[in-house]
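The values are calculated or read from the model by the stated rules, or taken from the named source; none is laboratory data. No experiment lies behind these values; they were computed from the predicted model shown. Ideal geometry is used to build each Cβ from the backbone, glycine not excepted, and the neighbour counts take in all protein chains shown.
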Protein chains: 4
Amino acid sequence: MIWLDYQDRRPIYEQVVEKFKVLIIGGAMPAGTKLPSVRQLAMELSINPNTIQRAYMELEQQGLIYPVKGRGNFVSEKDNVMKVGHEAYLQEFCSLVEKGRALKVEKDLLISKIDSCYKEGKDDRDKRVQ
Amino acid sequence: MIWLDYQDRRPIYEQVVEKFKVLIIGGAMPAGTKLPSVRQLAMELSINPNTIQRAYMELEQQGLIYPVKGRGNFVSEKDNVMKVGHEAYLQEFCSLVEKGRALKVEKDLLISKIDSCYKEGKDDRDKRVQ
Amino acid sequence: MIWLDYQDRRPIYEQVVEKFKVLIIGGAMPAGTKLPSVRQLAMELSINPNTIQRAYMELEQQGLIYPVKGRGNFVSEKDNVMKVGHEAYLQEFCSLVEKGRALKVEKDLLISKIDSCYKEGKDDRDKRVQ
Amino acid sequence: MIWLDYQDRRPIYEQVVEKFKVLIIGGAMPAGTKLPSVRQLAMELSINPNTIQRAYMELEQQGLIYPVKGRGNFVSEKDNVMKVGHEAYLQEFCSLVEKGRALKVEKDLLISKIDSCYKEGKDDRDKRVQ
DNA sequence: GTGGTCTAGACCACG
DNA sequence: GTGGTCTAGACCACC
């Protein structure tokens with residue numbers, strides 16, 4: 001379902017949060033979907049259950065999932081999800097662009113990079129259609 | 001010359017690195033410029049000299065400055081500066097755009113954000129000119 | 001008859017207790033009324049019968065209902081009901097007000113909040129009458 | 001500085017959060033005040049450092065404090081504090097009043113309770129003045 | 001079985 | 001010395 005990158009310098013729990021965030025906000029896990037249990041996912045990734053627990057706690061505080069005692073964790077309703085997701089991302093994006101401006105990176109260079117990133121995505125879809 | 005934001009979650013030495021990076025790559029500190037001495041800057045910011053030392057070490061490793069024993073640290077030649085600066089930034093930028101695509105953020109939304117960021121900058125300059 | 005909110009962080013059995021408490025103390029279920037059977041209610045809410053059992057046990061311990069073997073659970077006499085209900089609530093209320101005072105919340109602000117809450121209620125009733 | 005109530009059924013870390021929240025929002029710890037270090041406070045209360053760590057994490061996420069690596073945790077600026085504090089409290093208060101209405105508790109009874117709570121406070125101050 | 005809390009003890013990065 | 005992360009293992013409440 002998800003995997004870890006031990007080369008990544010960020011803490012493990014943050015990687016887990018990140019991974020699920022993309023799955024949920026991207027729509028791969030619609031509202032109501034049950035997440036893997038704390039213990040099971042910990043076993044699969046061969047890390048400590050507490051670490052998963054912490055990741056889920058973070059996701060809960062961001063309103064993306066909710067726990068039901070004795071049953072598991074589930075994806076929240078779409079309203080919360082969309083609100084949280086894009087807002088936070090855009091803020092991050094803007095501050096990076098701001099930094100780019102300070103470094104005197106050409107505006108058109110940034111735009112062309114976006115173009116190529118999104119074009120790749122389109123090509124992928126085209127390939128599947130063929 | 002530079003200042004710190006203690007609310008910022010990043011380590012202090014990283015903030016110092018960041019600040020000088022912008023000044024150097026942005027062109028505000030041309031090649032050959034002498035950086036403030038470790039001790040003096042530490043006093044001004046009222047932090048530990050070790051912290052400044054570490055920041056300068058990092059800048060040196062990135063090829064942005066070079067030390068001259070007994071005299072201080074100086075900004076490197078322009079070639080190094082440009083190479084280091086934009087390359088690293090663009091990589092960071094691309095990976096963030098990639099993330100945005102995963103979250104299904106509209107491409108045009110990102111571009112419009114860049115537009116508004118850079119436009120603000122232009123307006124600022126215009127105001128100063130007037 | 002009653003329903004559950006899985007987004008609610010409290011345990012399910014506590015929600016069930018809460019719901020019946022309001023119905024009984026509020027007067028919607030007068031003394032002698034028969035509660036739904038454990039099995040039936042569990043089926044309706046599609047949860048484990050043990051959970052309902054525990055909720056009824058709690059209500060019994062608080063003196064709000066009493067079981068008759070082989071026949072079901074029934075609402076207690078009015079004396080018990082009133083005594084239990086308001087006393088516990090007022091204690092909870094006072095401790096919250098105490099906390100508000102510690103946070104330096106304006107007394108009049110609290111009173112105005114009460115006003116608006118109860119006014120809404122009155123309006124609701126008026127609307128129904130119309 | 002703060003103490004624990006082991007009779008309280010809530011988790012320890014939540015009690016710690018609560019205690020500091022009152023101190024900070026109530027104004028007893030103005031912006032910039034340093035909180036006790038994680039280890040030291042853990043020793044004083046004779047509980048595990050992780051538990052304090054978690055409490056501080058929660059306070060940070062609510063914007064009430066911010067950590068500086070290698071230095072300690074500090075109280076945030078007043079803006080955040082006030083915004084977080086009263087808003088959350090009032091929401092809690094309203095939902096309790098709502099519950100009271102459902103239980104058909106007399107509105108005037110609630111108001112008189114508030115009166116007596118706040119009057120006590122006033123008397124305290126009067127005593128000190130004398 | 002599930003999530004939630006806590007302890008004990010360890011290691012790391014930062015200052 | 002500070003905070004931040006992680007592991008191992010335990011106990012509880014809930015379903």
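Just a few scattered comments:
- All positions within the stretch A:1-16 that are exposed (fewer than 13 other Cβ atoms within 10 Å of the Cβ) and either in contact (Cβ under 8 Å) with a residue 24 or more places away in the chain or assigned to a helix (DSSP H, G or I) (or both): A:Met1, A:Trp3
- The set of residues in the stretch A:41-60 being within 18 Å of the chain's Cα centre (by Cα) and within 19 Å of D:Asn50 (Cα to Cα) consists of A:Thr51, A:Ile52, A:Gln53, A:Arg54, A:Ala55, A:Tyr56, A:Met57, A:Glu58.
- When the stretch A:36-54 is filtered for residues that are charged (D, E, K, R) and near DNA strand E (Cβ under 8 Å from one of its atoms), only A:Arg39 remains.
- The residues listed here are A:Val38, A:Val17; of these, the one that is modelled with pLDDT of 95 or more and closer than 25 Å to D:Asn50 by Cβ is A:Val38.
- Within this structure, A:Ile65 passes the test of being within 28 Å of C:Thr51 (Cα to Cα) and either among the hydrophobic types (A, V, I, L, M, F, W, C) or modelled with pLDDT of 90 or more (or both).
- Those residues of the stretch D:51-110 which are touching a strand residue (DSSP E or B) at 6+ places or on another chain (Cβ under 8 Å), more than 14 Å from chain C (Cβ to nearest Cβ) and buried (at least 17 other Cβ atoms within 10 Å of the Cβ), in sequence order: D:Tyr56, D:Leu59, D:Ile65, D:Tyr66, D:Pro67, D:Asn73, D:Phe74, D:Val75, D:Ser76
- Residue tally, condition within 14 Å of chain D (Cβ to nearest Cβ) and surrounded by 14 or more Cβ atoms within 10 Å (Cβ to Cβ), over the stretch C:28-50: 1
- Per the listing B:Glu18, B:Glu60, the residue uniquely more than 10 Å from DNA strand E (Cβ to nearest atom) and over 30 Å from D:Asp79 (Cβ atoms) is B:Glu60.
- Residue check for D:Ala28: away from DNA strand F (no atom under 16 Å from the Cβ) and closer than 21 Å to D:Leu4 by Cα: yes
- Here A:Arg39 meets the list (1) in contact with a helix residue (DSSP H, G or I) (Cβ under 6 Å, 6 or more places away or on another chain); (2) within 26 Å of D:Gln62 (Cα to Cα); (3) not acidic (Asp, Glu) almost entirely, failing just condition (2).
- Test: residue in the stretch C:28-42 that is within 16 Å of D:Val105 (Cα to Cα) and touching a Gly at 6+ places or on another chain (Cβ under 8 Å): no
- Of all residue pairs spaced 6 or more apart or on separate chains, those with beta-carbon atoms under 7 Å, a first member in the stretch A:69-83 that is on the phi > 0 side of the Ramachandran plot and a second member that is within 9 Å of DNA strand E (Cβ to nearest atom) and among the basic types (Lys, Arg) are A:Gly72/A:Lys34.
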